[in-house]
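These notes are about the structure you will find just below.
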Amino acid sequence: MADKRFFVIDFDSTFTKVEALDILSDILYEGTDKKVEVGKKIKDLTDQAMAGELSFREALEQRLALLDATKKDVEQLSGELKLLVSESVKRNRSFFTNEKDNVLIVSSGFKDFITPVVKDFGIKEENIYANTFTYNDKDEVTGFDASNPLSEHKGKVKLMKELALEGEVLVIGDGYTDYEIREAGLAKTFFAFTENIKREKVLAKADVEANSFEEILHSIKHPMATSFPKSKIKVLLLENVHQDAKLKLEQEGYQVELLGGALDEDELCEKIKGVHILGIRSKTILTRKVVEAADRLMLVGAFCIGTNQIDLKACTDHGVSVFNAPFSNTRSVVEMAIGEIILLMRQIPKRMRQMDRKEWSKSANGSFEVRGKKLGIIGYGNIGSQLSVLAEMLGMDVYYYDVVEKLALGNATKLSSLDELLATCDVVSLHVDGRPSNKKFFTGEHINKMKKGAVLVNLARGPVVELDALQIALETGHLSGAAIDVFPVEPKNNNDTFDAPLSNIDNLILTPHIGGSTLEAQENIADFVPGKMIEYVNTGSSFNSVNFPNVQLPRLENGHRLLHIHRNKSGILAQMNNVFAKHGCNILGQYLKTNEEIGYVITDIDQSYQPELLEDMRAIEDTIKFRILY
Ligand SMILES: NC(=O)c1ccc[n+]([C@@H]2O[C@H](COP(=O)([O-])OP(=O)(O)OC[C@H]3O[C@@H](n4cnc5c(N)ncnc54)[C@H](O)[C@@H]3O)[C@@H](O)[C@H]2O)c1
Ligand SMILES: O=C(O)[C@H](O)COP(=O)(O)O
């Protein structure tokens, strides 16, 4: 029995995020004048007791005297507390189930509301130690069972003495009374739990500060510990990605920093140190130098579609997986393209400028419906093909050109040459991606091949179109209008000024790269990309990664998952399996996928392994990264 380990866990502000009596007071006095006043008194008394400044019994009596509760109110309270369980406790539900014989709830709160909450996590009723209310025949709370040691000053110490647990005792809590167990020599370690509240006086007494459950499991090398506590995972989000992304990642337990604009290379080289997850949009140029300066980076999330701003090869070489949001802003770009096509065909930008100049120009000259006009889409990917569908619904005749075979949607006509598209269409809309070969892809020659009076729309990437040639075509009237949303060089953030490269053109729409800038798109992205990040961290799934072989796996229960990223050379899997054989590991499952550059092996093994196994895995030649998930 000597090596048995017990986890003695506090309830208020540890197992749950809140102090239960504060919530009871809110329930009782909701909508009345007393709510704030009583709430404050209760909170002050709780804080004084937790900090060891007021005897526990006194604080309890004074708090209960302020609360005229009934059994029904207490039931309502446990319902509310079930929704207020600490995030890291929720994340580690399986720990409580697996350790149900060794987890004890020791609380100065009341079993009446604690039991329904913790039982949901598999904690045994006989392992719940707390006070109990007394009720009168009208089910009103009259007080508490004064014979319970937990209602007394130093009650937790008294109880623990009575329990006389044989084995290693770890105490986890946010209050001074939890520390007292350790002080009395009844526990080996006191973890000051700071996920919900940090009490300096308690922290000063802690053996270990833990701001999540993962940190506790990691620090005791518990077999269910993830390789790295989530609360130590640092996330840097740039370019003002939607707040929801920050919240989602914080809820997962990560430390998240969100900055407004992009950073330049040197700034980023500095800032990336210690960062595990980086989130960017289109303005952050992620160079090899930055990737090499990163000492902890395991994944990058592009909170946009394009990934041309990222040195994908450098990321792959360093075992950094890159994810993007391939469809989250597609619809927004398409709606903007449709709107701009209609505005340009009706010469609205020109009419607006005339109005600004106090000119009245009511005329139909040069203004057309889009119905029946020929739209040429260059790049028939997600955006191009979606535009095709919506444009047809407006009655446009759609043609497209793509470097790869693409299914024609609706009645669209595939053209096999770009020249044919340019000679055919009244509107040309560019939706190619930002691959290096598309730099200056649409030259003056292409513009000159467009029909006289046609319009050009570029919502793809700035360097794709030769803007000097476009300026001339618009000045000479060869083209009747253009809409440009993206530019060869764009400011890092909204504080920088911008000298637009095209000027003095009436029928021109210039916008600051806002094709994907709708609240819907940004919310979608803030849900999708963090989801991918969390999945990769939790399961190793690389599905949708733009540079890693795509593997999708469920979470593994009761085993360890090992991730091995290596240069794609022959014989690595055999070497890995030799290591497993040498250490007598039972392989539960193994998945290998490769691309041209790397191999990604996920191996699930049963519970037992020696630390030397990990060293041997890392020592395999051509290993880029190796980590244990859990
Ligand atoms: N303005 C904005 O705010 C905004 C928003 C989202 C996306 N974008 C840009 O739009 C681009 C397209 O997005 P998507 O989701 O449709 O990408 P996608 O990868 O689904 O489609 C791109 C298509 O272009 C084709 N293509 C590439 N080069 C070509 C060429 N030279 N000639 C003909 N076809 C070519 C590809 O084969 C592919 O079918 C993104 O890469 C991004 O650069 C801009
Ligand atoms: O690639 C994209 O999705 C667009 O260019 C949008 O980029 P943004 O997130 O920087 O607006």
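The values are calculated or read from the model by the stated rules, or taken from the named source; none is laboratory data. Owing to the predicted nature of the structure, the values given are computational and were not obtained by experimental measurement. Here the Cβ is made from the backbone with ideal geometry for all residues, glycine too, and neighbour counts use every protein chain on show. The accessibility values were calculated without ligands, DNA or RNA, using every heavy atom of the protein model including side chains. Shrake-Rupley method; radii C 1.70, N 1.55, O 1.52, S 1.80 Å.
Could you say whether any residue in region 375-382 is more than 16 Å from ligand 1 (Cβ to nearest atom), assigned to a loop (DSSP other than H, G, I, E, B), farther than 22 Å from ILE505 by Cα and open to solvent by less than 30 Å² (accessible area, probe 1.4 Å)?
So the first thing to find is which residues in region 375-382 are more than 16 Å from ligand 1 (Cβ to nearest atom), and the list is none.
No - not one qualifying residue is present in region 375-382.
Identify the single condition in (1) more than 16 Å from ligand 2 (Cβ to nearest atom); (2) touching a Leu at 6+ places or on another chain (Cβ under 7 Å); (3) outside any helix (DSSP H, G or I) that SER429 does not satisfy, given that it satisfies every other one. Condition not satisfied by SER429: (1). Taken across region 183-197, residues that are more than 21 Å from LYS90 (Cα to Cα), buried (at least 16 other Cβ atoms within 10 Å of the Cβ) and of a type in the set (Lys, Arg) do not occur at all.
Restricting PRO491, PRO463 to residues that are open to solvent by less than 50 Å² (accessible area, probe 1.4 Å), within 16 Å of ligand 2 (Cβ to nearest atom) and at pLDDT below 95 narrows the list to PRO491.
With GLU597, GLU615 as the choices, which residue is more than 24 Å from LYS313 (Cα to Cα) and among the acidic types (Asp, Glu)? So that I can check it myself, show each step before the final result.
Working: GLU597 fails: more than 24 Å from LYS313 (Cα to Cα).
The unique qualifying residue is GLU615.
Just one of the listed residues (ALA500, ALA581, ALA574) is away from ligand 2 (no atom under 16 Å from the Cβ), closer than 30 Å to ALA469 by Cβ and among the aliphatic types (A, V, I, L, M), namely ALA500. Annotation: of all residues in region 420-438 being in contact (Cβ under 8 Å) with a residue 40 or more places away in the chain and among the small types (Gly, Ala, Ser), the one that is least open to solvent (accessible area, probe 1.4 Å) is SER429. If you go through region 439-459 one residue at a time, how many are more than 16 Å from ligand 1 (Cβ to nearest atom) and open to solvent by 10 Å² or more (accessible area, probe 1.4 Å)? Within region 439-459, residues that are more than 16 Å from ligand 1 (Cβ to nearest atom) and open to solvent by 10 Å² or more (accessible area, probe 1.4 Å) number 5.
Would you point out which residue out of SER480, SER503, SER517 is open to solvent by 30 Å² or more (accessible area, probe 1.4 Å) and within 16 Å of ligand 1 (Cβ to nearest atom)?
Criteria check complete, one pass: SER517.
Scanning region 198-210 for residues that are open to solvent by 50 Å² or more (accessible area, probe 1.4 Å) and in contact (Cβ under 8 Å) with a residue 40 or more places away in the chain yields a count of 1.
Return a yes/no flag: does region 340-357 have any residue that is more than 32 Å from the chain's Cα centre (by Cα) and at positive phi. Among the residues of region 340-357, at least one is more than 32 Å from the chain's Cα centre (by Cα) and at positive phi, which makes the answer yes.
Residues in region 327-373 that are within 16 Å of ligand 2 (Cβ to nearest atom) and open to solvent by less than 30 Å² (accessible area, probe 1.4 Å): SER328, ASN329, THR330, SER332, VAL333, VAL334, ALA337, GLU340.
Out of LEU247, LEU236, report the one residue that is among the hydrophobic types (A, V, I, L, M, F, W, C), buried (at least 17 other Cβ atoms within 10 Å of the Cβ) and at pLDDT 85 or above. I'd like the intermediate steps shown before the answer.
Details: LEU247 fails: buried (at least 17 other Cβ atoms within 10 Å of the Cβ).
The unique qualifying residue is LEU236.
Could you please let me know if GLU445 is of a type in the set (Asp, Glu), away from ligand 2 (no atom under 12 Å from the Cβ) and within 38 Å of the chain's Cα centre (by Cα)?
Values: of a type in the set (Asp, Glu): yes; away from ligand 2 (no atom under 12 Å from the Cβ): yes; within 38 Å of the chain's Cα centre (by Cα): no.
So GLU445 fails the test.
Take the conditions (1) part of a loop (DSSP other than H, G, I, E, B); (2) among the aliphatic types (A, V, I, L, M); (3) closer than 22 Å to VAL465 by Cα; LEU407 misses just one of them, which is (3).
Of the set (1) away from ligand 1 (no atom under 13 Å from the Cβ); (2) over 26 Å from ALA262 (Cβ atoms); (3) touching an Asp or Glu at 6+ places or on another chain (Cβ under 8 Å), all apply to GLU523 but (2).
Residue count for region 141-179 under the criterion of being touching a residue at least 60 places away in the same chain (Cβ under 8 Å) and not aromatic (Phe, Trp, Tyr): the result is 21. Taking the condition surrounded by 15 or more Cβ atoms within 10 Å (Cβ to Cβ), hydroxyl-bearing (Ser, Thr, Tyr) and in the same structural domain as ALA500 (by the TED database), does SER388 pass? Spelling it out, SER388 is indeed surrounded by 15 or more Cβ atoms within 10 Å (Cβ to Cβ), hydroxyl-bearing (Ser, Thr, Tyr) and in the same structural domain as ALA500 (by the TED database).
Cβ separations smaller than 7 Å between residues 6+ apart or across chains give the following pairs from region 362-388 residues that are at positive phi to residues that are modelled with pLDDT of 95 or more and among the aliphatic types (A, V, I, L, M): GLY379/LEU430; GLY379/VAL432; GLY379/ALA460.
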